[in-house]
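See structure below.
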Amino acid sequence: MKRNGKFVRSLFLVMAALLAVGALSGAAFAEEKVIKIGTLFPLTGPCALAGQRCRAAVETAAEVINNAHPGMQVPLAAQEGILDGYKFVLVHADHQGKPDVAKSEAERLFDQEKVWGIIGSYNSAATKPASFVAELKQKIFMCGCSSSGALTERDFKYFFRMAPTDKTESLEFVEFIEWANKTKNSGIKTVGLIYENTEFGKHAAEEGRMAAETGGLKVVADVPFNPGATNLNSEVQTLKAANPDAVFGACLGGDYTLWVRTMKQMDWLPKAALNYCTGYQDPIIAGQLGDDANYFMGGTGYAPEFAELMPAVAAVEEIYKTKTDPSVPFDSDSIQEAVALLVLAQAIEKSGSLDPTVVAETLHANEWESPLSMGGKVAFAPGGQNLKAMSMLTQLQGGEYKRIYPVDLADTEPVIPMVPWKDR
Amino acid sequence: MATFLQVAFDGLLNGLLYALVAAGLSLIWGVMDVINFAHGEFLMIAMYLSYWLGFIWKIDPLISSIAGGAFVFIVGALTYRLVISRTIGKSAMSALLATFGLSMLLKNICLNRFSPNFRLLQDTLLGGKTLDLAGIIIPVPQLVIGIFALALLFVIYRLVNKTRLGWAIQATAMDKEAAELMGINTENIYLLVFGLGGACVGIAGGLLPSYLAVHPEVGALFSLIAFICVAMGGFGSIPGALLASLLIGLVEAFAGFYIAPVFKYVAVFGLYLAVVMVRPRGLFGW
């Protein structure tokens, strides 16, 4: 009986100790002020390079918000954290560029990792199902650079996109062609479309076709291709046979280099080649193509050459460069992912709440300072499209992204027609 | 007519490239009955080797192709010794899964070490050069790859059919135990075949950076098409692999241009299905 009493006492002491430890650690968790944000990008697969840069951009924005950076001309950068000490903790996920994986990873991030919201997902095809998961769970999905216009035509309440859409860029391309025809006598009357056969490419081509036809241009070639192809000979041969005056291109990464090199091999160029957000905007790819990259054009939301227009970027970019290997500056896509987190931070701070519905309403109801955006501001339309999204047309000349249109922001005259391969 | 001939030339040159990639796979599959799922990754590592040799020491891919062949020969031999030999005599699925695992390993090592960056060599000896034959433009890098392919396939064909070593390889492929009873060291034959298969794809990989960007995913579609070339040509048949590769190159080019570019792979896989339905052993299979 005495031994039993000793045993009960020991058991009681052990349980008390365990309860004390549990209570202490519980208190510690309660005091931990973190907002878990999932990042969902293609970290492997054909678009891994772009995905890893987008992830680095979100990490950069988190570092700007979490730590005090006095002197940095970015909202909330001067203070440490938001909502009196809350800090962002990022949980990274990889969708490999596959829509089904994006959906299951979004579910895992919400259900198992318990993230508060998600930023992603670069490929429009992946963003679509992942943001659908977020909408069903009434959680916020911040989209930096996926450009398919369809994403913001779903009337979602928790989805917000920073970048301009393919529609905006298509209209810009046609406006530029009209201007070039009038002022430079470029004689561009026909258009060819070359695009990867994905959600992004198909939507871009559809918008390009509509904008061209509305602008009185005739679409004479429509060339989709499978991303990651071993060659693009038939594709370029088809373009060459149709010989359009201008080409609208939606070719990502390695496909972009293959497209450019195949055109060189076949000794053909249109008068103007205008690119959506693709391999054109990647400074590494442009550098590797060397002189072959010159005279191509594209819509650009940011390039290091824009420094004088967006002075606040430089300090943030220094952090970004430490997170990329090799160290590179922001590009048009990655910078939008940083903007996504910076705007979200402002909305949480302003709403004073971590209720996603309240934050979503605050995001819709206000206009946000965004020194990392070309427009300088961010404001959302119903459906989540950034009404202030802007890009300008650039042309690679001498390996540098020169601003060519709109005219009031241009720093260089465009070269139209493109210089033939044999004269370079 | 000029366009027709241009498309035909493009198709033939692509076909020869596929033949070069498929030759090694055909050899391994035919002799050992092993499907090497890491074949595309063998191509990828040879491309990386060629790229780095070109980037650091300015060695042209033409020269690097030899290094690529030698390096992947060693990788192939090691693969046999460390992975495949442990699966011999077990279910065919074991070797298949083992090479699948190897492909994942190689791809992720490259992803980790070299990042997913697209790497493009500039100023190569062949890069951007073309020949103009009466209006038909022939890209020199692809032409040289085609010549390499024909030469290599000829050498392999002669090796397998006209030499004592080749007869030993054929004997091992037909009946391993009988070959051993005849005094053939089948273990060494397997090792050599895996190495040779690697060397073929290594040479192709060494040449490709003349015009193609290198990245960890680059081998995927090449290996898929190589599987089709080998299956369509008949397992283990080098002439079969060549014929099938040329057919695939031509169908891809003509379907891509005359139907629609997006249908070119549909036509390729359709042709494959048609051939294996009519002749399940492939064109030259036994």
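Taken together, B:ILE184, B:ILE138 contain a single residue that is within 12 Å of another protein chain (Cβ to nearest Cβ) and not in a helix (DSSP H, G or I), which is B:ILE138.
For segment A:227-333, the helices (runs of 4 or more DSSP H) that sit wholly inside it and include 1 or more residues that are within 11 Å of chain B (Cβ to nearest Cβ) are A:233-242, A:253-265, A:283-289. Within segment A:138-158, being surrounded by fewer than 24 Cβ atoms within 10 Å (Cβ to Cβ) and more than 18 Å from A:GLU199 (Cα to Cα) holds for A:GLN138, A:LYS139, A:ASP155, A:PHE156, A:LYS157, A:TYR158. Assessment of segment A:63-85 against the conditions (in the same structural domain as A:SER351 (by TED's automatic domain parsing), outside any loop (DSSP other than H, G, I, E, B), over 16 Å from A:VAL316 (Cβ atoms) and touching a Lys or Arg at 6+ places or on another chain (Cβ under 9 Å)) yields no matching residue. Looking only at residues in segment B:71-120 that are within 14 Å of another protein chain (Cβ to nearest Cβ) and among the hydroxyl-bearing types (Ser, Thr, Tyr), the one that is nearest to B:LEU196 (Cα to Cα) is B:SER103. Taking the condition away from chain A (no Cβ under 12 Å) and surrounded by fewer than 24 Cβ atoms within 10 Å (Cβ to Cβ), does B:PHE235 pass? Answer is yes for this residue. One residue alone among A:ILE119, A:ILE140, A:ILE188 is aliphatic (A, V, I, L, M) and more than 29 Å from A:ARG55 (Cα to Cα), and that residue is A:ILE188.
A single entry from A:ALA410, A:ALA345, A:ALA360, A:ALA365 fulfils the requirement of being under 18 Å from the mean Cα position of the chain (by Cα) and either among the aliphatic types (A, V, I, L, M) or closer than 30 Å to A:GLU178 by Cα (or both): A:ALA345. For B:ALA38, indicate whether it is in contact with a helix residue (DSSP H, G or I) (Cβ under 8 Å, 6 or more places away or on another chain), farther than 20 Å from B:VAL218 by Cβ and either without any contact (Cβ under 8 Å) to a residue 12 or more places away in the chain or more than 14 Å from chain A (Cβ to nearest Cβ) (or both). No. The set of residues in segment B:149-172 that are buried (at least 21 other Cβ atoms within 10 Å of the Cβ) and under 21 Å from the mean Cα position of the chain (by Cα) comprises B:ALA149, B:LEU153, B:ILE156, B:VAL160, B:ILE169. Could you say whether any residue in segment A:109-118 is in a strand (DSSP E or B) and assigned by TED's automatic domain parsing to the domain that holds A:GLU361? Yes, because at least one residue in segment A:109-118 is in a strand (DSSP E or B) and assigned by TED's automatic domain parsing to the domain that holds A:GLU361.
Any residue at all in segment A:98-114 that's at negative phi and touching a Gly at 6+ places or on another chain (Cβ under 7 Å)? Looking through segment A:98-114, at least one residue is at negative phi and touching a Gly at 6+ places or on another chain (Cβ under 7 Å). Criterion applied to B:VAL72, B:VAL83 was being over 27 Å from B:ILE145 (Cα atoms), among the aliphatic types (A, V, I, L, M) and touching a helix residue (DSSP H, G or I) at 6+ places or on another chain (Cβ under 6 Å), and the one residue passing it is B:VAL83. Quick check on my filter: what residues within segment A:176-205 are at negative phi and without any contact (Cβ under 8 Å) to a residue 40 or more places away in the chain? Matches in segment A:176-205: A:GLU178, A:ASN181, A:LYS182, A:THR183, A:ASN197, A:LYS202.
The values are calculated or read from the model by the stated rules, or taken from the named source; none is laboratory data. As the structure is a computational prediction, the values presented were derived from the model and not from experiment. In this analysis, Cβ positions are derived from the backbone assuming ideal geometry, glycine residues included, and neighbour counts consider all displayed protein chains.
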